[in-house]
Amino acid sequence: MRKITYRQAIKEALAEEIERDENVFVMGEEVAQYNGAYKVTEGLWQKYGDKRLVDAPISEAGFVGLGIGASMLGLRPVMEFMFWSFCYVAFDQLLNNGSFCRYMSGGLMNVPITVRGPANGGTNVGATHSHTPENLCANHPGIKVVCPSNAYDAKGLMKTAIRDNDPVFVMENTLLYGQEWEVPEDEYIIPMGKANILKEGKDISFIAHGRAAITALEAAGIMASEHDIDAEVLDLRSIRPLDVEAILATVKKTNRVVLVEENKPFCGVDAQISHIIQEEAFDHLDAPIKRVSSIDAPQIYSMPLEKIQIPDARRVVKKALEIC
Amino acid sequence: MSDTDTGTENLLYPGQEQEPSAEELAKTEINAALSPEDKLRLYTEMVRIRAFEARSLRAYQQGKIGGFLHLYEGQEAVAVGCVSLMGPDDHIITAYRDHGHALAVGMTMNECMAEMFGKATGCSKGKGGSMHFFAPDKNYWGGHGIVGGQVPLGTGLAFALKYQGKKGCALAFMGDGAVNQGAVHEAFNLAGLWQLPIIFVIENNKYSMGTSQARSSAYDDCLAKRGEAYDMDWGVVNGNNLYHVREKTAEAIKRAHTDSRPTVLEMFTYRYRGHSVADANAEKYREKKEIQDYKTNRDPIALFGNILKAEGLLKDEQAKEIEKTARAEADAAAQFADKSPFPNPEAILEDSYWSVDNKGKDADIDALNQGRIIFEDGGLLKKK
């Protein structure tokens, strides 16, 4: 099968959905004539023109709000944040209007908007540009949050997000944009809320999302080669909806679990998952639930130290060995 | 000090030309097109809004309505005048002082009152309350609680109309306090930059909660002038004069429909009540004399009633009858709301996600949404 980058996979999803539905358009800072700050939309403006690829001014609250309003009338906007870190200036639009308009109208209206962009640390840009707001956003009923860990998922989930009648926030990762995965030529979509077992195993479960799933997969390799321990890796794919069944199934299978995320630990996604496991599968646990997260401080700039702050495979292995 | 004391009562703001007379306004194309029945209907709409608000206040004081209650009394001509010009592809959105616009677009007193009572028969099934009325079938997109937050949404409605090639426009209402919110300026810029068919209506009732315009906004003459910074046409309106509201709004709608140009209209009006009913200082940050002056000399219903009387279309007896009927309708709405059931506890979980509400109705949707959303089972509500 052909291999393409995570970046190319997202671009293909956008192009296919633009061609499929005339209501789909992409808006954001530098998405059109500049070809995208991270080149995700490269070439799309030349192909689809001003109507479908719209350069927005640096005005996140304004253009995200505009997208939500436009979606109420049936358009399917795909709004790009150059970084999800910029969502904070648009929080009222995203999380009051995006999440709650449908509810407050008693279900009379829908907000079929997709908001996408990278949400990750690890690029030495300091605390303001290194946010991972999936936990914050998922705390708002009405929103769906997707964190693809690879090119195949990025394409399939992006297409699903655009077709979804609810607001979907897709959180990508700049460190993955250039990496390649196998992606079929033929069209496919990936259901929302279905976790994916990246590697089967029987001794311990690593549950992760986004790039942390790749880290967990690497850690599983080390567990096998150096410690003869067979780890299962479950990639959540979406934070909300959350595939609780898949989480419980892997825990019941291996009876040991390490949760891995690049989110900060305090009130992080894995705090929620840990709660679900202890409530629903307490009797299946042979050891305490362990977590590996980014170190609980604002993201540091210094290059070697930021590498330490974000989870790596060695840290996951060390934590796993505590309960094996 | 009120303007009457300075002898400038006919000026919309200091230095501006005099407002056209009622006779001149009645002769303008848009107002001359009104039939006698139309005129009485618009008058009745304003009276109905006032009666509804008066009954709402009583219900609030009786403890039937929770939270906040932002009343529209005194501002009726703005909503009624603007809405009277809307065509099939014109859309409207406003902030939390939303009852007047709701009734003007044709929402019933029953569904609005029931919403405030928190009842299942409310327009939003009791999920939005006073600040969050919606009627998408009537092109009414709320009803929004955060000051200025609705203005980018309204800009998006206009964007969608232009994108879809429709000859329509968006009317986005806000108060004078909202013009200092960043989101409003961002929306102004987008509307000017992309030449969107929108009318931003600033309902200037002089106070952003308890803070007067002079203490909250940097301005010379008026707030609408800020539109110049964003390449938008702008104008000022006597928001208490229904004919003037219609005249200026019709120009703006035409500009939107034919030239796809945005407009900022500042409508000078006044709210008789506090910011909300919970505003205990409504008579402290402004003089009682000022409130009385507006009620006596510039009341939108009285002004339009006098015009209709002068035109020979309305008699005192008839005016009393219209008021009596409106009060009876509002009383009936309160009774309807009172008798209506509260939503079932299960309703808390409904209407949040489209895909959850429509589960099992469409195989394609179910295929896309297979996962379980946390607490979809309701936690305490539907514990296994």
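The values are calculated or read from the model by the stated rules, or taken from the named source; none is laboratory data. Every value quoted in this text rests on a predicted model; they were computed, and no experiment measured them. Glycine also receives a Cβ, built like all others from the backbone with ideal geometry; neighbour counts cover every protein chain displayed. SASA here: full protein model, heavy atoms, side chains in, ligands and nucleic acids out. Shrake-Rupley method; radii C 1.70, N 1.55, O 1.52, S 1.80 Å.
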Qualifying helices (runs of 4 or more DSSP H) (wholly inside segment B:241-341; at least 3 residues being within 18 Å of residue B:49 (Cβ to Cβ)): B:242-259, B:300-310, B:316-339
Pairs, first at positive phi in segment B:95-106, second buried (at least 24 other Cβ atoms within 10 Å of the Cβ), C-beta under 8 Å, six or more apart: B:106/B:135
Some residue of segment A:185-203 being more than 19 Å from residue A:9 (Cα to Cα), out of contact with any Lys or Arg (no Cβ under 8 Å at 6 or more places or on another chain) and among the basic types (Lys, Arg): yes
Any hit, segment A:158-174, residues being over 12 Å from the mean Cα position of the chain (by Cα) and basic (Lys, Arg): yes
Residue in segment A:303-313 that is in contact with a helix residue (DSSP H, G or I) (Cβ under 6 Å, 6 or more places away or on another chain), in a helix (DSSP H, G or I) and surrounded by fewer than 24 Cβ atoms within 10 Å (Cβ to Cβ) present: yes
Positions within segment B:162-206 being open to solvent by 10 Å² or more (accessible area, probe 1.4 Å), more than 9 Å from chain A (Cβ to nearest Cβ) and aliphatic (A, V, I, L, M), in sequence order: none
Test for residue A:118: is it modelled with pLDDT of 95 or more, touching a strand residue (DSSP E or B) at 6+ places or on another chain (Cβ under 8 Å), closer than 17 Å to residue B:152 by Cβ and of a type outside the set (Val, Ile, Thr): no
Of the criteria (1) within 14 Å of chain B (Cβ to nearest Cβ); (2) surrounded by 15 or more Cβ atoms within 10 Å (Cβ to Cβ), which one residue A:256 fails: (1)
Candidate set from segment B:118-153 (those that are farther than 30 Å from residue B:262 by Cβ and crowded, with 24+ Cβ neighbours inside 10 Å); member that is farthest from the other protein chains (Cβ to nearest Cβ): B:122
Filter result for the condition that a residue is within 12 Å of another protein chain (Cβ to nearest Cβ) and either part of a helix (DSSP H, G or I) or over 14 Å from the mean Cα position of the chain (by Cα) (or both), over A:247, A:239: A:247
1 or more residues surrounded by 24 or more Cβ atoms within 10 Å (Cβ to Cβ), away from every other protein chain (no Cβ under 14 Å) and not hydrophobic (A, V, I, L, M, F, W, C): qualifying helices (runs of 4 or more DSSP H) within segment A:2-114: A:6-20
Test for residue B:273: is it among the basic types (Lys, Arg), within 21 Å of the chain's Cα centre (by Cα), in the same structural domain as residue B:45 (by TED's automatic domain parsing) and open to solvent by 60 Å² or more (accessible area, probe 1.4 Å): yes
Residues that are open to solvent by less than 50 Å² (accessible area, probe 1.4 Å), of a type in the set (S, T, N, Q) and away from chain B (no Cβ under 14 Å), drawn from segment A:124-141: A:130, A:132
Segment B:342-351, subset of a type outside the set (D, E, K, R) and either surrounded by 14 or more Cβ atoms within 10 Å (Cβ to Cβ) or assigned to a helix (DSSP H, G or I) (or both), residue farthest from the chain's Cα centre (by Cα): B:345
Residue in segment B:107-125 that is under 12 Å from the mean Cα position of the chain (by Cα) and at pLDDT 95 or above present: no
Enumeration of residues in segment B:191-215 that are farther than 20 Å from residue B:105 by Cβ and part of a loop (DSSP other than H, G, I, E, B): B:194, B:195, B:196, B:205, B:206, B:209, B:210
Filter pass, residue B:188 being part of a strand (DSSP E or B) and among the aromatic types (Phe, Trp, Tyr): no
Pairs where the first residue, in segment B:190-205, is more than 18 Å from residue B:92 (Cβ to Cβ) and of a type in the set (Phe, Trp, Tyr) and the second is outside any loop (DSSP other than H, G, I, E, B) and open to solvent by 10 Å² or more (accessible area, probe 1.4 Å), C-beta under 8 Å, 6+ apart: B:194/B:159; B:194/B:162
Of all residues making up segment B:322-335, the number that are of a type outside the set (Lys, Arg) and open to solvent by 100 Å² or more (accessible area, probe 1.4 Å): 1
Odd one out for residue B:76 among (1) open to solvent by 10 Å² or more (accessible area, probe 1.4 Å); (2) under 20 Å from residue B:314 (Cβ atoms); (3) at pLDDT 95 or above: (1)
Odd one out for residue B:134, checked against (1) in contact (Cβ under 8 Å) with a residue 12 or more places away in the chain; (2) in contact with a helix residue (DSSP H, G or I) (Cβ under 9 Å, 6 or more places away or on another chain): (1)
In segment A:142-155, the residues that are more than 10 Å from chain B (Cβ to nearest Cβ) and either touching a Leu at 6+ places or on another chain (Cβ under 8 Å) or buried (at least 22 other Cβ atoms within 10 Å of the Cβ) (or both): A:145, A:146, A:147, A:148, A:149, A:150, A:151, A:153, A:154, A:155
Where residue B:159 falls short, out of the listed (1) within 7 Å of chain A (Cβ to nearest Cβ); (2) part of a loop (DSSP other than H, G, I, E, B): (2)
Those residues of segment A:100-155 which are among the polar types (S, T, N, Q) and within 27 Å of residue B:137 (Cα to Cα), in sequence order: A:105, A:110, A:114
Selection within segment B:276-304 - open to solvent by 30 Å² or more (accessible area, probe 1.4 Å) and within 29 Å of residue B:90 (Cβ to Cβ): B:298, B:302, B:303
Neighbours by Cβ (under 6 Å, 6+ apart or cross-chain): first from segment A:183-204, closer than 23 Å to residue A:256 by Cβ; second among the small types (Gly, Ala, Ser) and not in a loop (DSSP other than H, G, I, E, B): A:195/A:246; A:199/A:220; A:201/A:231; A:204/A:231; A:204/A:320
Residue in segment A:191-213 that is under 30 Å from residue B:366 (Cβ atoms), modelled with pLDDT under 95, open to solvent by 10 Å² or more (accessible area, probe 1.4 Å) and within 14 Å of chain B (Cβ to nearest Cβ) present: yes
